[in-house]
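What follows is a short report on a single structure.
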């Protein structure tokens, strides 16, 4: 093999000008630098935030925080305060939100992607779903108050954890629909064709092939949005969550006081000890979130293993 | 570069010896009559009529964009999946109009199977690739036997018999395509439609698929769309030549027994195409 001589750029026909390669390399280096800076900036902010919270809350953190149920200043000062009510309320909320929003959201996404005809009705629904995902969360709180807590003035679910969970469900519904639609759209149409060509019904194609192939994407999107929902304070506050309640809900119609609300309540008090207590609450909240995300990853990997790409 | 002489079509293209050359190709399974297929307001293919003979291979050839695949996909109503696609005229399968309101496309596709251009096995094991189609259609028999029978018919058994639980996608391209054929055979169809089944394969895999098609034509009716004229000449009994009209719409130019089409084409446009003056 003879090596090919590299012709100087100026000698290539039609490329009379001097080489622009050095300039292209500089542009490339600047771009790379900017992206690294963006990544470092984001990571730095996150680390600062975490460090500050840990530094502030670590002193107050102990196992009693998980089991004690009082959040008053007195309880904080004599060491009997804790987030038991908040933790249990938030777990109830996650459960109800997920149980409501995931089936409805994924179902709507399946209809829109796999069944819906391409007509004006579908388009109107699609545009509305996209718009709803941008509506401020407090508006959903008002909706929950007006529909779930009291149904247009009639007593309905009351200020219950069920009403709160459904409210949060409405909040994440559009996000779940959009995430699930994206996941379904990513399934290659050749897979659908293969199944249809064997005499499968639309339901068999969707249930046996499209859903399993889209499952890991759907799970990632839905669990991330549900996890986001448990951090929400404004909508549940409007929809009737209590800030100071000592009894954790034991059924869906009980009152509740979710963790972020308890943290918020402690933060706005002037005492330093309350702020420390709140910081410890934030650490618990983040641990809870991390656990939920971990569950999401495990579920996703299991869904992935069923599909043998 | 292989030198080709222009002295005769027979020398340029090795036409398969057919014992029925020049004669009728026998009982037809599918008849297309004055079929026009449109996407929205655009007529992609206009006025297509031909017969698909039983237990024979019919090849559809022609330049890109002339609607070969469109016609093929309308035979088992795969075009239903494309929004805006509409078929006029009649496509009869054993005398039944497949587009009749009372006909379920799901049933049509079970009887008229399809193999696609790009091999598309399911992301499942090799065995599940075979059994899935049969099971959704109510298969209750022995799955192991079904897997072996189907893979044997598709000339794939010996290569995969020790790894039936591996993913269908772990196979090579040619093996994947034969797996797709085996999967189609497992639902016991009557007709198999193939949409350029070898265009993504190397020459050796192509040859194996072609041999397989000949073998399968004893039992099944096969319709194949191909870009490769030599392939049409090698494997098919009947060749249908499509071209584009002045209005850029697909039209059928000639449907003849393969040997006749490649040696004594009835239409000047067919001759131009197969001799390489066009397309």
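None of the figures in this text is laboratory data; all of them are computed from the coordinates on show. Model, not experiment: these values are computed from the prediction. Glycine also receives a Cβ, built like all others from the backbone with ideal geometry; neighbour counts cover every protein chain displayed.
Some observations on this one:
- Residue of A:64, A:265, A:118 that the Gaussian network model of chain A assigns the largest fluctuation, springs spanning Cα pairs under 10 Å: A:118
- At q = 0.11 Å⁻¹ the log10 of I(q)/I(0) for the protein assembly as shown amounts to -1.04, computed by Debye summation with a single uniform scatterer per C-alpha, solvent ignored.
- Helix A:21-57 and the longest principal axis of the C-alpha atoms of chain A enclose an angle of approximately 10°.
- Springs join every pair of Cα atoms under 10 Å in this Gaussian network model of chain A, and among A:74, A:119, A:293 the largest mean-square fluctuation is at A:119.
- Between residue B:165 and residue B:277, the modelled label-to-label distance comes to 6.2 nm, taking each label 7 Å out from Cα in the direction of the beta carbon.
- Rounded to 10°, Cα long-axis angle of helix A:272-306 versus longest principal axis of chain A: 50 degrees
- By DSSP, the beta bridges lying fully in region B:137-279 are antiparallel in about 60 percent of cases.
- GNM remark for chain A: springs join alpha carbons under 10 Å apart, and the peak mean-square fluctuation among A:77, A:20, A:68 falls on A:20.
- Volume per residue for region A:151-231 equals 115 cubic angstrom (convex hull of Cα atoms).
- Label zone at residue A:251, where the point sits 7 Å out along the Cα-to-Cβ direction: region A:83-115 residues whose backbone N lies under 18 Å: A:89, A:92-93, A:96
- Cα-based helix-to-principal-axis angle, A:211-230 vs chain A, degrees rounded to 10: 40 degrees
- Extension gain (nm, one decimal) between residue A:152 and residue A:139, 0.36 nm per residue minus Cα-Cα: 3.1 nm
- Values of log10 I(q)/I(0), in the order q = 0.12, 0.20 Å⁻¹, for region B:72-224 under a Debye, Cα-only, solvent-free model: -0.51, -1.28
- Mean projected area in nm² (Cα convex hull; one quarter of hull surface) for region A:25-90: 6.5 nm²
- Ellipsoid semi-axes in whole angstrom, largest first, where each is sqrt(5λ) of the Cα gyration tensor of region B:45-87: 19, 14, 10
- Each of residue A:269 and residue B:172 was given a label point 7 Å from its Cα along the Cα-to-Cβ line. The distance between the two points is 7.4 nm.
- Burial ordering of A:215, B:194, fewest other beta-carbon atoms within 10 Å first: A:215, B:194
- Difference of contour (0.36 nm per residue) and Cα-Cα distance, residue A:244 to residue A:306: 17.7 nm
- Each residue, residue B:42 and residue B:218, gets one label point 7 Å from its Cα in the Cβ direction; the gap between the two is 4.5 nm.
- When Rg and Dmax are taken over the Cα atoms of chain A, they come to 26.2, 89 Å.
- Residues residue B:118 and residue A:128, FRET efficiency given R0 of 45 Å [Cβ-Cβ distance, rounded to 0.05]: 0.80
- Residues A:92, A:120, A:207 arranged by fewest to most Cβ contacts within 10 Å: A:120, A:207, A:92
- Mean Cα-pair separation over length for chain A, i.e. relative contact order, pairs under 8 Å, 6 or more apart, %: 25 percent
- Beta bridges from DSSP with both residues in the protein assembly as shown: antiparallel share about 60 percent, rounded to the nearest 5.
- By other beta-carbon atoms within 10 Å, ranking B:243, B:236 with the fewest at the front produces B:243, B:236.
- Whole-number percent relative contact order across chain B, with pairs defined as alpha carbons under 8 Å at least 6 apart: 28 percent
- Relative contact order (%) - region A:161-247, alpha-carbon pairs under 8 angstrom, separation at least six: 48 percent
- Projected onto their three principal axes, the Cα atoms of region A:101-224 cover extents of 54, 30, 23 Å, largest first.
- Compactness of region A:15-170 - radius of gyration and Dmax, Cα, Å: 25.6, 84
- Fraction in percent of alpha-carbon pairs per bin - 5 Å, region A:185-232: 5, 20, 23, 16, 11, 10, 7, 5, 2, 1
- Restricting the calculation to Cα atoms, region A:55-125 shows an Rg/Rh of 1.40 when the hydrodynamic-style radius is the Kirkwood one.
- Calculated on alpha-carbon atoms, Rg and Dmax of region B:150-191 in Å: 10.0, 30
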